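Written below as structure tokens is the structure these notes are about.
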Amino acid sequence: MTSEPRGGFEVDEISDCDVETVVSLWRSSGLVRPWNDPYQDIHNARSTPTATILVVRPGARGDTDALRTPVGSVMAGFDGHRGWLYYLAVDEPARGAGLGRMLVVAAEAWLAAQGAEKAQLMVREANAAVQGFYTALGYSDAECVVLGRRLA
């Protein structure tokens, strides 16, 4: 899955050489928690046909690898009922250029192609800026409480 380049950026699926950059991006964006191993999360997403990790990178195919380093990412998964978005991050210097929106649109398209009719995500209550970002994209409070339990 590769999108048409827009504004000098394109979205495609994560590659092996992107993993370190993406983990670093997730960490610098405050998305990694001690109980979540980002390398395992990437491995799990790439090991199943019901999930993907998309990256946005500058340049076009054929540019040198240095120019094609990802500056944003999003994980998408389909549980058979609805789609979920995780780990949306854009590198600080690249923020404000519409790359987060580009990633969400690409992830929603991937989810729709899997059969998802709805996309959902979780945002920490204290993260008002991110809530505003998603509200501007048409997301709204699902009026439900998310409960969880560690299995391991």
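Counted residue by residue at 0.36 nm each, then reduced by the alpha carbon distance between them, the extension gain from HIS81 to ASP37 reaches 13.3 nm. Selection among THR69, PRO93, PRO49 by position relative to the dipole of region 9-136 gives PRO93 as farthest towards the positive end (Cβ unit charges, Cα centre). Taking ASN127, ASN36, ASN44 as the candidate residues, the one with maximal mean-square fluctuation in a Gaussian network model of the chain, Cα springs under 10 Å, is ASN127. The alpha carbon convex hull volume per residue for region 9-136 rounds to 116 Å³. Of TYR139, VAL23, MET102, whose Cα points farthest to the positive end of the dipole of the chain (charges on the beta-carbon: +1 Lys, Arg; -1 Asp, Glu; origin at the Cα centre)? Farthest along the dipole direction, towards plus: TYR139.
Listed from fewest to most Cβ neighbours within 10 Å, the set GLU13, GLU117 follows the order GLU117, GLU13. Using C-alpha pairs under 8 Å with a sequence gap of at least 6, the mean separation divided by the residue count of region 9-136 gives a relative contact order of 23 percent.
Dipole size of region 9-136 about its Cα centre, with +1 on Lys/Arg Cβ and -1 on Asp/Glu Cβ: approximately 320 debye, rounded to the nearest 20.
Taken together, the values in this text are just the output of simple stated rules run on the coordinates, not laboratory data. All of these numbers come straight from a predicted model, not from anything done at the bench. Positions of Cβ are generated from backbone atoms using ideal geometry, with glycine treated the same way; all protein chains shown enter the neighbour counts.
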